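Values in this text are rule-based calculations from the coordinates and carry no lab data. Just so you know, these numbers come straight off a predicted model, no measurement behind them. For neighbour counting, all protein chains shown are included, and Cβ atoms are generated from backbone atoms with ideal geometry for every residue, glycine included.
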Amino acid sequence: MSRSQPPAADRRRFLKTVGLAGLSSALVPPIVALAQSASPPAGGAAAKPDSAAAPAAPAGASDVSEDARSLAEIIRRRYGKHLSPDQLEAVARELDGRIRGGRTLREHKLTNGDEPDATFHP
């Protein structure tokens, strides 16, 4: 009977790993961007970047759409215990960028004669 339990456990572990991989692919670019943007403004003392980063978050908060805020709230409820407020803000900005990109793509209307970007050869 113990042989029937490991495959189910392996499937569960695999699905959890795949889910975390998908989440990490969505979270890594904003976290890296946040880390890069937090380092360069070091104008002197170590306390200045922290105080400079705090006002920057509310300024970015007004730029984020309500749709992105709603999606970020879902992320906060599901994974908030693993993310800092700065990381959640970065996720909200990343989601907003993707939403805006989707809107831009939908605004561009294709005609029947438009060819695909890539040509496929068998």
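Scoring 106-115, 92-101 by mean Cβ neighbours within 10 Å over their residues and listing the highest first yields 92-101, 106-115.
So how much slack lies between His121 and Tyr79, counting 0.36 nm per residue of separation and subtracting their Cα-Cα distance, in nm?
Taking 0.36 nm per residue and subtracting the Cα distance, the gain is 10.8 nm.
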